[in-house]
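Q: The structure's right below; bear with me while I get my questions together.
The values are calculated or read from the model by the stated rules, or taken from the named source; none is laboratory data. These figures come from a predicted structure and were not determined experimentally. Don't worry about glycine lacking a Cβ; one is built from the backbone with ideal geometry, like all the others, and counts go over all protein chains shown. All accessible areas refer to the heavy atoms of the entire protein, side chains included, with ligands and DNA or RNA removed. Shrake-Rupley method; radii C 1.70, N 1.55, O 1.52, S 1.80 Å.
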Amino acid sequence: MADRATAEKWLRELTHLPTASGLEGAVIGWVRRWVAERDDLEVNADSGGNLLITQRRVAEHSPLL
């Protein structure tokens, strides 16, 4: 798990990205890169474009976000 300073850095990066309904490309890209840096997570998009992050090593693949 990330320490508080790291989590705050991620939050600042993510919330400073420009976005609006239908224009979430920067946020989606950030989330996909963030997940790609971790071997314990994977990200998939549903039919509506929502991202679902799951843990690879959890039997039920319980959603994180």
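Q: Put +1 on the Cβ of every Lys and Arg and -1 on every Asp and Glu Cβ in the chain; which of THR15, ILE53, VAL31 then has its Cα farthest towards the positive end of the dipole?
A: Result: THR15, furthest along the dipole toward the positive end.
Q: A further question follows. Based on the Cβ-Cβ distance of ASP40 and LEU14, what FRET efficiency does E = 1/(1 + (r/R0)^6) give at R0 = 22 Å, to the nearest 0.05?
A: Details: r = 19 Å, r/R0 = 0.88.
Using R0 = 22 Å, I get an efficiency of 0.70.
Q: Residues of the chain: accessible area per residue at 1.4 Å, in Å²?
A: Details: 5040 Å² over 65 residues.
Counting only protein heavy atoms, the per-residue value for the chain is 77 Å².
Q: With a 10 Å radius around each residue's Cβ, average the other Cβ atoms per peptide and rank 44-51, 33-40, highest first.
A: Details: 44-51: 9.2, 33-40: 11.4.
In decreasing order of mean packing, 44-51, 33-40 become 33-40, 44-51.
Q: A further question follows. Per DSSP H run of at least 4 residues, take -39500 (n - 2.57); add these up for the chain, divide by its residues and hand me the 222 nm value, nearest 500 deg cm²/dmol. Don't skip to the end; give the middle numbers.
A: Details: 2 runs with 24 residues, N = 65.
Result for the chain: -11500 deg cm²/dmol, rounded to the nearest 500.
Q: Moving on. Each residue of the range 26-40 in turn: what ³J(HN,Hα) in whole Hz from Karplus with 6.51, -1.76, 1.60 and θ = phi - 60°, glycine and Pro shown as x?
A: With coefficients 6.51, -1.76 and 1.60, one gets 5, 5, 4, x, 4, 5, 5, 5, 4, 5, 4, 7, 10, 7, 9 Hz.
Q: Moving on to the next point. Could you give the length gained by full extension between LEU23 and ASN50, i.e. 0.36 nm per residue of separation minus their alpha carbon distance, to one decimal place? Intermediate results must be reported in sequence, preceding the final value.
A: On the way: separation 27, 0.36 × 27 = 9.72 nm, distance 1.29 nm.
Difference between extended and current length: 8.4 nm.
Q: Per the 1.4 Å probe, what fraction of the accessible area of the chain, in percent, lies on carbon and sulfur atoms? If you can, show how the numbers build up before the last one.
A: Numbers: 2830 of 5040 Å².
That share works out to 56 percent.
Q: Okay, moving on. If you average 1/r over every pair of different alpha-carbon atoms in the chain and take one over that average, what Kirkwood value in Å do you get? All intermediate terms of the calculation are to be shown ahead of the outcome.
A: Details: mean 1/r = 0.0770 Å⁻¹.
By the Kirkwood definition, the hydrodynamic radius is 13.0 Å.
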